[in-house]
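Asks: Structure incoming, see below.
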Amino acid sequence: MLQQYNIKDELFGFINLETGGDGLFQLGKDGVKEILTPHDKKVEFILFEDKTLCYVKSAMGYPAIYPVYKPKYEGNAKAILMDLDGTSVHSESFWMWIIEQTVSRLTNNAKFTLEASDEPHVSGHSVSEHLQYCIDKYCPNQTVEEARKHYFAITEYEMNEILHGRGKTDAFTPAPGLKDFLYELKAKNIKIGLVTSGLYNKAMPEIISAFKTLGMGDPLDFYDAIITAGQALVKGQVGTLGELAPKPHPWLYSETARVGLGLTEEDKGHVLGFEDSSAGVVSIRLAGFSAIGINGGNISKSGVQSLCLKEYDNLCNALPLILS
């Protein structure tokens, strides 16, 4: 059984705060020993003598508080939980380009581009979180509802272009070593779950495209479980819960592990989660698993490297750890 603990020793380089949780917590009051936040300030860790709480902020006005458990990877993995964008498939630049196109329409500025400092805020989270951030910074007179209309219209058009061979040819590129990595896990009978904050209409074309490129067949047959953020809410279509509770909330990883793969509390020491984003790393940790960072995303820029058990440049480099 995982135990709550004071996580201070893992929060290297985090920023000290006097108050946290939008005023709910104050340093030195009600047992609060420290309040720490990473560089991207998307979450806050509230440290007590013998426990830690994580306050997950929300650009949409729905924050949440979670207990933080101490993961203990014991080797001989039973299951691997894998992020999609940036970890399994290199596609983040494409989706950030979609966001740029959306803001371009909202601002009537055909030359609009995101700044480098925007990256931690427009990758790894939900569409609505990304768009709300951009609205707050670039066009505060607009609404997230209007932004979503443009975003999904642009996405539908671009995905159709890609499917017909006319779109961005480099939009979805399999991560280096992905095929060998996945086949090695299969050969060792290790369960594999694919976990993404992307909505279904975004996520499935990505992984289908990657599997087609690699000659690996149908990903629905290959993976033991695939969990996405659900269906987009648009006019004339039923949406699903996925915009307010994606990464860094723990639910996508928790559902993949418990419901999708049938893993129990006792199995957590034999599970690793692979991520390239800060939101994903926090999500894995809040779900109670050890996190493996894949370099190339925003883990370093966001300042959450210390929350990772290990970091690698290539998925295959992690195989000795998985099989130990």
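The values are calculated or read from the model by the stated rules, or taken from the named source; none is laboratory data. All values reported here derive from a predicted model rather than from experimental measurement. Positions of Cβ are generated from backbone atoms using ideal geometry, with glycine treated the same way; all protein chains shown enter the neighbour counts. The area values use the complete protein model at the heavy-atom level, side chains included, leaving out ligands, DNA and RNA. Shrake-Rupley method; radii C 1.70, N 1.55, O 1.52, S 1.80 Å.
Asks: Rolling a 1.4 Å sphere over the protein heavy atoms, what is the accessible area per residue of the chain, to the nearest Å²?
Replies: Result: 45 Å² of accessible area for each residue.
Asks: Right, here's the next one. Inverting the mean 1/r over all pairs of different Cα atoms, compute the Kirkwood radius of segment 106-243 and quote it in Å.
Replies: 17.1
Asks: Just round it to a whole percent: the fraction of Cα-Cα distances in segment 91-164 exceeding 17 Å.
Replies: Tail fraction, whole percent: 37.
Asks: Compute and list, largest first, the equivalent-ellipsoid semi-axes of the chain from the alpha carbon gyration tensor, each √(5λ) rounded to a whole angstrom.
Replies: Value: 30, 27, 16 Å, ordered largest first.
Asks: Kindly write out, for segment 170-179 in residue order, the coupling ³J(HN,Hα) from the Karplus curve 6.51 cos²θ - 1.76 cosθ + 1.60 (θ = phi - 60°), rounded to whole Hz, with x marking Gly and Pro.
Replies: Residue by residue, segment 170-179 yields 9, 5, 10, 10, x, 5, x, x, 4, 4 Hz.
Asks: Strictly over 21 Å apart at the Cα level, which of Lys42/Lys202; Lys8/Lys78; Lys41/Lys168; Lys29/Lys51; Lys78/Lys186 would you flag in this model?
Replies: Lys42/Lys202; Lys8/Lys78; Lys41/Lys168
Asks: Hey, can you grab everything whose amide H is under 5 Å from the amide H of Ile15? Only 5+ residues off in sequence or another chain; H modelled, so Pro and N-termini drop out.
Replies: When sequence neighbours closer than 5 places are left aside, the close amide H contacts are Thr37.
Asks: Loop-only GluC sites (Glu not before Pro) in segment 1-78, please: DSSP not H, G, I, E or B, and at most 14 other Cβ atoms within 10 Å.
Replies: Glu18, Glu49, Glu74
Asks: Also, I was wondering about something else. Which entries in the list Lys191/Lys310; Lys72/Lys191; Lys137/Lys310; Lys137/Lys301; Lys188/Lys268 go over 22 Å, if you measure between the two C-alpha atoms of each?
Replies: Checking Cα-Cα distances, Lys137/Lys310 exceed 22 Å.
Asks: Kindly write out, for segment 188-203 in residue order, the coupling ³J(HN,Hα) from the Karplus curve 6.51 cos²θ - 1.76 cosθ + 1.60 (θ = phi - 60°), rounded to whole Hz, with x marking Gly and Pro.
Replies: After applying 6.51 cos²θ - 1.76 cosθ + 1.60, I find 9, 6, 8, 5, 10, x, 9, 10, 9, 7, x, 5, 3, 5, 8, 6 Hz.
Asks: Sticking with this one: Considering only protein heavy atoms and a 1.4 Å probe, what is the carbon-and-sulfur percentage of the accessible area of segment 8-68?
Replies: That fraction is 50 percent.
Asks: When only alpha-carbon atoms are used, what values of Rg and Dmax, in angstrom, describe segment 8-68?
Replies: Just the Cα atoms of segment 8-68 yield Rg and Dmax of 10.8, 31 Å.
Asks: With an 8 Å Cα cut-off and a minimum separation of 6 or more residues, compute the relative contact order for the chain in percent.
Replies: Worked out over the chain, it gives 22 percent.
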